[in-house]
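Okay, so here's the structure we're looking at.
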Amino acid sequence: MKREEIADLMAFVVVAEERSFTRAAARLSMAQSALSQIVRRIEERLGLRLSDANHAQRCTH
């Protein structure tokens, strides 16, 4: 696994822990849009939806 992929997964773990893209982005000191792109990238790699677009705090898996 590449370093970038590990960093992406770690960021997703923070989203799951915080149950909020806004709080996770603040905790990671990054823009919410950048965090959303990371989650989208993970979803594309896995071919799965990991969060509910209407309720970002809800993980679907």
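Read-outs throughout are calculated quantities, based only on the coordinates presented, and are distinct from any laboratory measurement. From a predicted model like this one, the values you see are computed outputs, not experimental measurements. With ideal geometry, Cβ positions are generated from the backbone for all residues, glycine too; neighbour counts draw on all protein chains shown.
The figures follow:
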| item | result |
| --- | --- |
| In nm, spacing of pseudo-spin labels at Glu4 and Arg19 (7 Å Cα→C-beta vector) | 3.3 nm |
| Other-chain or far-sequence residues with amide H under 5 Å of Ser51's (modelled H) | Thr60 |
| Shape metrics for region 3-59, restricted to C-alpha atoms - Rg then Dmax, Å | 10.1, 30 |
| Dipole moment magnitude, nearest 20 debye, the chain about Cα centre, only Lys, Arg, Asp, Glu C-beta charged | 40 debye |
| Candidates Ala11, Ala24, Ala34, ranked by Gaussian network fluctuation over the chain, Cα under 10 Å, top entry | Ala34 |
